[in-house]
Amino acid sequence: MYGIDFGTSNTVVSAGEGGDSRLVDLGGGETVLPSLMFFERDCPVSVGAAAIRDYAAALEKHRRARDLYRHFRLFQALKLALKDEYFEGSNIFGTYIKAETLVGLFLREVKRRADASLGKPDGSVVLGRPVRLSPKPDKEAFIQARFAAACAAAGFGEVHFVMEPVAAMASLIGGVRGNTLVFDFGGGTLDITVARVLDGGVDILANDGIDLGGYILDEDLSRGRIIRHFGYGGHLRTMTGRRLEIPGWITNQVASFYALPLGDVVKAKETIQDMIFEADRKNALKGLVEFLDRNLSFGLFERIDEAKIALSSREQASVAFAVPPYVAFDEKIGRPDFEAMIAPRVAAAEKVTLGTVAAAGLEPGDVAHVVRVGGSCRIPAFVRMLEKHFPGRVCEGEVFTSISAGLIAAHRLGLGCDSAA
């Protein structure tokens with residue numbers, strides 16, 4: 001049996017062996033696989049770090065071509081696309097592929113690598129999922145069914161589900177004891193579990209979660225400092241002399257980084273080209289058209305994400321990017337600036353954390369351990385928030401691997417959620 005933490009940013013696999021589980025090498029010693037998938041005409045699909053390398057090579061190979069979406073596509077944050085009930089699929093080189101099939105292709109390659117690593121195939125999986133798959137309770141079962149369909153498309157005949165922070169909690173058995181809070185802050189969601197950890201098990205007291213993760217913080221940074229370079233705040237002059245602000249959804253193309261339907265990209269390009277003549281910031285909009293035409297979204301995302309991560313250990317970082325000959329910038333961002341941008345997110349995280357503690361029938365002082373996991377859990381503003389309410393009781397767990405490590409154990413303890421809430 002595999003335990004797969006299919007994350008927004010990264011994917012980790014564990015394999016059950018007797019009563020234990022261990023992390024699986026997904027190739028070349030890689031146990032944490034970036035959740036990326038790359039398509040290029042007449043080439044095999046690639047995933048993970050290989051997808052990043054192939055994307056960079058394709059940009060160079062097709063540097064003189066136009067409309068590069070016709071030549072290659074890079075999909076990131078596939079998990080977010082699968083959670084989006086309105087994202088049904090995408091057109092890839094003339095073939096429409098459903099969202100479940102796209103994710104299934106990624107998970108199929110993950111399964112192939114895991115099978116190769118273990119030397120035998122395994123058709124059963126425990127898949128981690130956020131506490132809440134949708135802000136609409138009636139959509140929970142629908143979205144979980146999409147995840148199940150993706151697993152089936154990947155070749156799994158037996159599929160089980162465990163909430164991600166519950167899995168992380170199960171991985172703590174034997175390491176902590178007493179009232180414990182898991183603060184699981186990943187790329188797509190913030191999920192909280194409060195439980196009583198016993199010598200041989202876990203008594204779950206409360207779970208909650210919100211759509212707040214590292215990708216949202218990347219978008220905050222982009223909206224705060226980057227989109228203005230691509231025309232945000234500019235105006236159009238109509239034939240009657242009126243000045244209209246450029247619509248926000250246009251510049252949102254450089255702030256939302258998960259997989260977009262190709263039709264949205266095409267529509268944006270056409271709309272921008274129609275606007276350029278009346279715009280007061282023509283070069284910025286020409287740069288945005290070039291940005292879309294050159295399929296540069298992932299390159300900008302990398303620069304923004306690197307700056308966000310750097311601000312957890314440094315007081316200043318920069319985002320340097322260019323779309324010659326129209327746009328070039330080197331934005332210096334201080335940690336106080338970034339923290340001002342994300343202050344509403346910290347407040348939202350504080351609210352859901354304290355709300356989950358209250359739902360468990362506890363006060364903050366009753367919680368003996370707070371364990372931070374997930375790639376975004378190191379951001380200082382969130383660490384300080386936790387320390388304010390749980391002073392001296394906050395520690396960092398296995399940031400990238402704790403969920404996968406606990407999935408099979410949680411399933412065996414009867415802590416799964418095979419029927420969506």
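The values are calculated or read from the model by the stated rules, or taken from the named source; none is laboratory data. None of the values given here were measured: they were computed from a predicted structure. Here the Cβ is made from the backbone with ideal geometry for all residues, glycine too, and neighbour counts use every protein chain on show. Each accessible area value is taken on the protein alone, full model and side chains, heavy atoms only, with ligands, DNA and RNA left out. Shrake-Rupley method; radii C 1.70, N 1.55, O 1.52, S 1.80 Å.
Please state, as a whole number in µm²/s, the translational diffusion coefficient that the Stokes-Einstein equation yields for the range 262-421 at 25 °C and 0.890 mPa s, with Rh defined as the Kirkwood radius across alpha carbon pairs.
Taking Rh from Cα pairs, D becomes 124 µm²/s.
For the chain, modelled as a GNM with alpha-carbon contacts under 10 angstrom, which of A81, A358, A405 fluctuates the most?
Fluctuation is largest for A358.
If I compute solvent accessible area with a 1.4 Å probe over the protein chains, what percent of it on the chain is carbon and sulfur?
52 percent
At 1.4 Å probe size, with every protein chain present, just tell me what the per residue accessible area of the chain comes to in Å².
With all protein chains present, the chain gives 41 Å² per residue.
Distance from a point 7 Å along Cα→Cβ of K120 to each backbone N in the range 18-49: keep the residues under 13 Å and list them by number.
Residues 18 fall inside that zone.
Over the chain, what is the mean sequence separation of C-alpha contacts under 8 Å (at least six apart), divided by residue count, expressed as relative contact order in percent?
Across the chain, relative contact order equals 20 percent.
When the convex hull of the Cα atoms of the chain is projected onto a plane and the area is averaged over all directions, what value comes out in nm²?
Working: hull surface 85.6 nm².
That works out to 21.4 nm², a quarter of the Cα hull's surface.
Nearest 0.05, what FRET efficiency do K388 and A310 give at R0 = 22 Å with Cβ-Cβ as r?
0.35
Please state the shape class of the range 1-48: rounded when a/c is under 1.5, otherwise prolate if a/b exceeds b/c and oblate if not, all from the C-alpha gyration tensor.
Since a/c reaches 1.5 and a/b is larger than b/c, the shape of the range 1-48 is classed as prolate.
Which shape class applies to the range 55-137: rounded if a/c is under 1.5, otherwise prolate when a/b exceeds b/c and oblate if not, where a ≥ b ≥ c are the square roots of the Cα gyration tensor eigenvalues?
Because a/c hits 1.5 or more and a/b fails to exceed b/c, the range 55-137 counts as oblate.
Once the Cα atoms of helix 402-412 and of the chain are each reduced to a long axis, what angle between those two axes, in degrees from 0 to 90 to the nearest 10, is obtained?
50 degrees
In the range 267-347, if every C-alpha pair distance is counted and binned at 10 Å from zero, what percent goes to each bin?
Over the range 267-347, the share of Cα pairs per 10 Å bin runs 17, 37, 29, 17, 1 percent.
Can you tell me the 0 to 90 degree angle between the C-alpha axis of helix 48-61 and the longest principal axis of the chain, rounded to 10?
10 degrees
Which FRET efficiency, nearest 0.05, do K351 and R64 yield, Cβ-Cβ r, R0 51 Å? Numbers along the way, then the final one.
On the way: r = 51 Å, r/R0 = 1.00.
That pair, K351 with R64, gives E of 0.50.
Suppose accessible area is computed on protein heavy atoms with a 1.4 Å probe; arrange C151, C395 from highest to lowest.
C395, C151
If I fit a long axis through the Cα atoms of helix 297-310 and take the longest principal axis of the Cα atoms of the chain, what angle between them do I get, 0 to 90°, rounded to 10?
50 degrees
What lysines does K98 reach when the alpha-carbon gap must be under 25 Å and sequence neighbours fewer than 8 apart in one chain are set aside?
Cα-Cα hits under 25 Å: K79, K83, K111, K136, K139, K267, K269.
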